[in-house]
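Structure record follows, encoded as C-alpha cells.
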Amino acid sequence: MISIDNLSKQYGSTTVVDRVSLDIERNSITVIVGTSGSGKSTLLRMINRLVEPSSGRVLIDGNDTAGEPAHLLRRRIGYAIQGNGLFPHRTVAENIATVPRLLGWDDTRLRARVLQLLTVFQLDPAEFAGKFPHQLSGGQQQRVGVARALAAEPAVLLMDEPFGALDPIIRAKAQDDLLDIQRRFATTIVLVTHDMDEAFRLGSRVAVMSRGRVLQYDRPAVLITRPADPFVSQMTGLADRAMRLLSLTTAGEAVIPGAAGGPVIAASASLRDALSELVWRGAESVAVVDADGAPLGRLTVAAILAHGRPG
Amino acid sequence: MTTTVARLHRIDPLGALVSAVGAASLLWLPFVVFKLNRILPGDAHSLMQVLPASAALACQVSLILIALVALGIADARVRLAAALVGVIVVAAAVASAANLLTPAGNRVVRVAPGSGFWVLLVALGLMATDAITRLRPRPRPAVRVLMLALFAAVAGAALAHGTFDNLSVMREYAVNAGRFAHEARQHVWLALGSLAAAIVVALPLGILCHRVPRLRGSVLGGLNVIQTIPAIALYGILMAPLGALAAAVPLAARLGIRGIGAAPAVLALFLYSLLPVVANTVAGLKRVSPAAVEAARGMGMTRWQILTGVELLLALPTILTGIRIVLVQNIGLVTVAALIGGGGLGVFVFQGIGQTAIDLVLLGAIPTVALAFSAAVLLDALIDTMNRTRQ
C-alpha cells in the first residue's frame, strides 16, 4: 500500500530521518513510536509532503508521491493532528466539509457525508452541526478533527499524536473508537505517538524510532519477545513485559475447551484482564463467553500464563 | 455610627462626583450667554434667570432626581436612562432659553450655551458612558447600533424641526449651510480616502512583516517614527516635496497634487494610518492558532486559500481594531488639514479662532466629535459581532 523507500531528511548538517524504509500494510493501523526528537513526526509528514524528503521515495499503490502537486496529494490523504486544528471561525459541519469542498463535491453528496460522519462519531447532527469548535468539549473536538480528516473518504489517514491532548479516560474511549472506525471504513492508518501503551493497543504493526532510524518494525508481540535493540526493550519496558504480552491476546484467541463455574469473562477481553479477574476472585479457572453470552470454553491460570512468555 | 458608614459606602463615588459637579455648575456657572452680536462679550444668565419659574423648577427637580439616581441606584439600565433623560432636559432647557432671550425677528443677537451647560452635559455624558460600561450582560452589538441610530434620529429630528435654531451655533450654521455640507463631505472623504489607501498598502505590508520576521522590526520602527511627528509638522515636511513634484511634473499638478490642499493632507493621514493597521495585521496573524494553519496545509489547501480562508479571517477582528483606531484618529486629524487648505470641518474651527467667534469653532468641532463617536460605536459593534461567533 504505502512503500517508504530509503527516505531521509536533513536540515543543514542535522539528519532528522536517516534512510528509513517501511512497507505499510493496507487496511491496518501502523504505529510509529519514539521519543521526542526521534524523527517520527518528520517521517509521517514526509508521506503527505508537508516536509519534502531530502532523498528517497514514498510510493502509494506503486505511484511516486513526488509526481503530483503536493496540495493535490494531501487532499487524497486524511490528516489529523494533536489539538485537532479545527477552524475556530467555522461550524462543525463546515469544518468537516473542508476537503470535500476543496475537491468540488456537490452539495447533496457533501451534506450526506457530513451527516453520516457526525452519526458515526456519535455527535447528534441536529445538535452539533451548527456549533462552533469552542462550544465543544475536548473529546468532541478531537472526534470532529478525525471526522474532518476522513470526510473525503481517503484511503490513507495520517495521525500525528491525535490523542495527546486528551485526559486518560477520554483517550481510552477515543482509541476504541479509532479501532471501530478503521474496521468500518477499511482505512489504512499511520499513527505517530510517544506512548507505548497506545502503540500496543492500536498498532497491528509498530515501528520503533530513535535518532532518525527505525530500530525495529514488527508485530507488538515480537517487539516484546524478540527486541532487536536494547532501546526497543527499554521502550517496551522490561518490568511488565509479561503483562504487556498478555494484554495483546484476547480470551477468545486463547480459550481452551471445557466448562467452568464461577467467574465469567467476554471473549473480547484480554488475557491480562482474565488473569486479573482470577487473582481478584481467587479462582483457578474462568468461563469465556461470546458477545451474546453463549459459552465458548474456559481459561485456566496455567493456560493464561503460557501466553505471557516468549514461545 | 456603623449605619452611617454603611450608608456612605453605598453612595456611588462617580455618582457623587457627577452630582457635585452638576450642582456646582447650575449654581455658579452661566447656563447661557447673551451677546448683542457674535463677537462682543456677553452677559451670563443662570437657568433660573432665563426660564419661567415653573419651567426652571421642573428642570431643577428632574436634575435633582437624576442626581439621586446617580448617587444611590446601582441598576445600570436605570442610570443610563436617567442620564439620557438628563441630556434631553438640558438640551430642551438651552433651546427654550435661546428662544426666550432672542427678540422676535432679530438675527444679530447671539445666545450661546454657557460653561454651566457644557459642564452639565459632560457630567451627564460621563454618567451615561459609565452606565454603559456597567451594563451586564453587555448590550448586543445590534442593540448598540440601534441606540446610536435612535439618538441620531432624535437629534436629527430636533435639528430639522428648528428646535435649536435660535442657538448661536445654529445661527452660524444658517449663515454657512452651503459650505457646511461641502466641508462635511470633504471631511469624510479625507478621512475615509486616506484610510482606504492605508489599508491597501498596510494589509500586504503587515502580511509580509508576519512572514518575514526580519522585516518586522525595521518596518514597525520606521512607521513608529512617522507616528511621533506632529500633524502640523508633517504637513509642513510634505509641502516642499509635493510642491516640487507639482512643479516638475505637469500631470501631477493637473491631478490636483500640490504643496498645499488635499494632497499633502491625504498623504499625511495615510502615513499616520499605516502603523496601527500594519501592527494589528501582524498581531492578528500571530494570534492565529498554528494548529489550524498546520491542519489547513495538511488537508491540501493552497497557500492563498490558507491566507484568505483561514489566517486573514481569523485575524480580522484584530485588524478591524487597528482600522477603528485609524478611522477615529483620522476624523480628528483631518481638522488640522484645514490649515494647509485641505478643507474639512476644520475650516470652521480655524476661521472661528481667527475671528474669535467661538460659535463658529463649535460648528466645526461638534460634528467632528459626533462623527468620531459614531465611527467608534459602529466599528466596535462590528468587531464584537465577529468575536462572538469565533473565539
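The values are calculated or read from the model by the stated rules, or taken from the named source; none is laboratory data. None of these values were measured; they are calculated from a predicted model. Cβ placement follows ideal geometry from the backbone for every residue including glycine, while neighbour counts extend to all protein chains displayed. The accessibility values were calculated without ligands, DNA or RNA, using every heavy atom of the protein model including side chains. Shrake-Rupley method; radii C 1.70, N 1.55, O 1.52, S 1.80 Å.
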Nearest 5 is fine: what % of DSSP beta bridges in the protein assembly as shown come out antiparallel, could you say? 60 percent
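With solvent modelled as a 1.4 Å probe, how much accessible area in total do chains B and A shield from it at their shared surface, in Å² to the nearest 100?
Numbers: alone 20170 and 14850 Å², together 33170 Å².
That pair of chains buries around 1800 Å² in total.
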Under 28 Å Cα-Cα from A:LYS173, which lysines qualify once same-chain neighbours fewer than 8 residues away are excluded? A:LYS40, A:LYS131
Averaged across B:299-306, how many Cβ atoms of other chains sit within 10 Å of each residue's Cβ atom? 6
Mean Cβ-within-10 Å packing, highest first, puts peptides B:372-382, B:296-306 in the order B:296-306, B:372-382
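At 222 nm, what helix-only mean residue ellipticity would chain B give, in deg cm²/dmol to the nearest 500, using -39500 (n - 2.57) for each DSSP H run of four or more?
Numbers: 17 runs with 305 residues, N = 391.
About -26500 deg cm²/dmol.
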Give the angle, between 0 and 90 degrees and rounded to the nearest 10, that separates the Cα long axis of helix B:115-134 from the longest principal axis of the Cα atoms of chain B. 50 degrees
Enumerate the amide H contacts of A:ARG205 below 5 Å, restricted to partners 5 or more residues apart or on another chain; note that Pro and chain-start residues carry no placed amide H. A:ILE29, A:VAL31
Where does helix B:13-28 land angle-wise versus the long Cα axis of chain B, in degrees 0 to 90, nearest 10? 50 degrees
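Nearest 0.05, what FRET efficiency do A:ARG184 and B:ILE353 give at R0 = 60 Å with Cβ-Cβ as r? Please report the intermediate quantities before stating the final value.
Details: r = 79 Å, r/R0 = 1.32.
Efficiency, from the Cβ-Cβ distance: 0.15.
In Å², what does the accessible area per residue of segment B:2-138 work out to with a 1.4 Å probe?
Numbers: 7400 Å² over 137 residues.
Solvent-accessible surface per residue comes out at 54 Å².
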Out of A:TYR79, A:TYR217, A:TYR11, any idea which swings most in a Gaussian network model of chain A, alpha carbons joined below 10 Å? A:TYR11
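What does the accessible area per residue of segment B:177-390 come to in Å², with a 1.4 Å probe and no ligands, DNA or RNA counted?
Working: 9300 Å² over 214 residues.
I get 43 Å² per residue for segment B:177-390.
Using a 1.4 Å probe on the protein chains only, how many percent of the accessible area of the protein assembly as shown belongs to carbon and sulfur? Let's see the in-between values first.
Working: 21030 of 33170 Å².
Within the protein assembly as shown, the accessible surface is 63 percent carbon and sulfur.
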Inter-part distance where segment B:86-165 and segment A:266-286 are each reduced to a Cα centre, Å: 83 Å
Please check: in the Gaussian network model of chain B (C-alpha springs, under 10 Å), which one of B:GLY256, B:GLY116, B:GLY22 has the largest mean-square fluctuation. B:GLY256
Report, to the nearest 10°, how far helix A:138-150 tilts away from the longest principal axis of the Cα atoms in chain A, using its own Cα long axis and a range of 0 to 90°. 60 degrees
